[in-house]
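Below: one structure, written as C-alpha cells.
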Amino acid sequence: MTEKRYGGEKMVQIKRVATLYRVSTKGQLDGNDIPMQQRSCRGMIEKQKGWKLVKEYTEKGVSGFKVSASNRDVIQQAKEDAENGLFDVLLVFMFDRLGRKDDETPFVLEWFVNMGIEMWSVIEGQQKIEAHTDRLVNYLRFWQSSGESRKTSDRVNEKHMQMVEDGIFRVEESLMATRVLIQEM
C-alpha cells in the first residue's frame, strides 16, 4: 500500500479486495466451512489498512482436485473480473481454495499475479512471483495439496473395500458410493 502526502495529510490508497471461498463436499457445507472462511477473510480485511471488500466468490461442493479451473464458473468469473479491473487483491483462507491440481493451479495463481492482482491467503500470507524460487514455492504448495487429495481418495477407497469384505456393502453399492464421494471431493 502506498501513502501519498497532500498538504501535510496522508492519503491512503484503497485496495479493492475480492475473496474466494470453496468447499469440496456437501458435508463441508453442513459443517459451516464457508462461514469460517468468510469470517477469517473479512477479519483480515478489517485489519489491513486501506483494504476494502468489493466482491465475494463462493464455490459450494466443487472439487479443486477433480474439476479443472477451466470448468469452474467461479474461477472463470474471477478471471474475467480481474481482466476488467474489479479488484486489486484476491484473498482466500488458504491457497488450496484456488484448487488442488498440481499441473494447473500454480498457473492459475500465477495468471492472477501477472494480471497485477496481489494473491493473499489468511493462513499463508502473500504469494508473489518475483523470483525463480517463488515459482518453486508456488508449485510445491499445490503439489502438496494434490498429494493430500490423492491420499484421501486412497483412504476412502480402502474403507469401501473393507466394507464390502465385511458384507456392509455389495460391490455395486460400494463402487457407487465411492464414485459419489470422489465427485464431492
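Every condition in (1) in a helix (DSSP H, G or I); (2) at pLDDT 80 or above is met by W120 except one, and the failing one is (1). Looking across region 162-174, the residues that are modelled with pLDDT under 75 and surrounded by 14 or more Cβ atoms within 10 Å (Cβ to Cβ) come down to F169, S174. Within region 101-128, residues that are touching a residue at least 60 places away in the same chain (Cβ under 8 Å) reach partners that are in a helix (DSSP H, G or I) and surrounded by fewer than 20 Cβ atoms within 10 Å (Cβ to Cβ) with beta carbons closer than 8 Å, at six or more positions or on different chains, in the pairs W120/M44; V122/S40; V122/G43; V122/M44. Here is the figure for region 51-86: residues that are among the small types (G, A, S), touching a Ser or Thr at 6+ places or on another chain (Cβ under 9 Å) and either in a helix (DSSP H, G or I) or exposed (fewer than 13 other Cβ atoms within 10 Å of the Cβ) (or both) total 1.
Taking the criterion of being open to solvent by less than 70 Å² (accessible area, probe 1.4 Å) and either at positive phi or among the polar types (S, T, N, Q) (or both), the residues of region 102-133 that qualify are T105, G116, S121, G125, Q126, Q127.
The values are calculated or read from the model by the stated rules, or taken from the named source; none is laboratory data. Here the structure is a predicted model, which is why all the values come from computation and not from measurement. Cβ atoms come from the backbone with ideal geometry, glycine included; neighbour counts cover every protein chain shown. Quick note on the areas: whole protein, heavy atoms, side chains included, nothing else; ligands and nucleic acids left out. Shrake-Rupley method; radii C 1.70, N 1.55, O 1.52, S 1.80 Å.
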